[in-house]
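First up is the structure itself, then whatever we jot down about it.
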Amino acid sequence: MIYHLCLGANMNEPEKQIETATKAILSVPEVTLLRQSSLIRSIPYGKTDQADFYNQVLEIKSTLSPQDLLAKLLEIESRMGRIRIEKWGERLIDIDILLAENLTLDTRMAGNPKELPELVIPHPDFHNRLFALQLLNELIPETIHPIMHKSITELYYLLRKSGGRP
């Protein structure tokens with residue numbers, strides 16, 4: 001399956017954090033890098049009184065299920081020192097699964113086993129994040145959002161037109 005992951009960091013040399021996370025993701029045997037977007041600097045989303053973020057999208061191919069991939073990504077975040085204290089707060093690294101081809105999945109409603117992390121695909125808020133749409137637009141502009149039924153380019157320009165506010 002082809003996945004699009006968004007990496008973000010705004011602490012302790014964020015560019016290096018993203019580079020380290022990318023290497024860790026690519027060290028997973030079941031993962032192959034297909035392409036990666038530019039690395040951009042973006043203003044914080046949700047909680048604005050913090051340092052700017054650096055963000056990048058990776059397009060990977062993996063034989064892992066979405067939940068198994070998420071578990072590996074959470075392990076990488078943990079090994080890198082990520083501690084979840086505050087929603088939208090500062091972070092050493094954040095790795096989100098934005099898309100998994102045209103899959104729609106919400107394990108919150110499916111009696112998710114406790115040992116597996118909850119997962120929603122497509123990421124439930126990426127269409128409101130200008131940086132995520134900008135980076136996806138670089139890689140997959142014509143891809144159609146599986147729930148919103150608009151292309152990444154359409155979503156990107158609609159959000160830009162609104163001044164970046166949903």
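The values are calculated or read from the model by the stated rules, or taken from the named source; none is laboratory data. Since the model is a prediction, treat every value here as computed from it, not as a measurement. When we count neighbours, we look across all protein chains shown, and the Cβ atoms used for this are built from the backbone with ideal geometry, even at glycine.
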Exercise. Scanning the range 18-74 for residues that are of a type in the set (D, E, K, R) and more than 21 Å from residue 139 (Cα to Cα), which turns out surrounded by the fewest Cβ atoms within 10 Å (Cβ to Cβ)?
Worked result: 49
Exercise. Residues 60, 147: which one is of a type in the set (Val, Ile, Thr), modelled with pLDDT of 95 or more, farther than 28 Å from residue 20 by Cα and not in a helix (DSSP H, G or I)?
Worked result: 147
Exercise. Taking the range 118-144, which residues are modelled with pLDDT of 95 or more and among the charged types (D, E, K, R)?
Worked result: 138, 142
Seminar exercise, completed: Taking the range 133-144 and keeping only residues that are assigned to a helix (DSSP H, G or I), farther than 11 Å from residue 99 by Cα and not polar (S, T, N, Q), one is left with 133, 135, 138, 139
Seminar exercise, completed: The number of residues in the range 150-166 that are within 20 Å of residue 37 (Cβ to Cβ) and either modelled with pLDDT under 95 or out of contact with any helix residue (DSSP H, G or I) (no Cβ under 7 Å at 6 or more places or on another chain) (or both) is 8
Exercise. Is there a residue in the range 25-47 that is touching a residue at least 40 places away in the same chain (Cβ under 8 Å) and closer than 17 Å to residue 79 by Cα?
Worked result: yes
For this session: For the range 107-117, indicate whether the set of residues that are under 19 Å from residue 62 (Cα atoms), at pLDDT below 95, hydrophobic (A, V, I, L, M, F, W, C) and not in a strand (DSSP E or B) is non-empty.
Result: yes
For this session: Could you check, for the range 78-94, whether at least one of its residues is hydroxyl-bearing (Ser, Thr, Tyr), surrounded by 18 or more Cβ atoms within 10 Å (Cβ to Cβ) and either at pLDDT 90 or above or part of a helix (DSSP H, G or I) (or both)?
Result: no
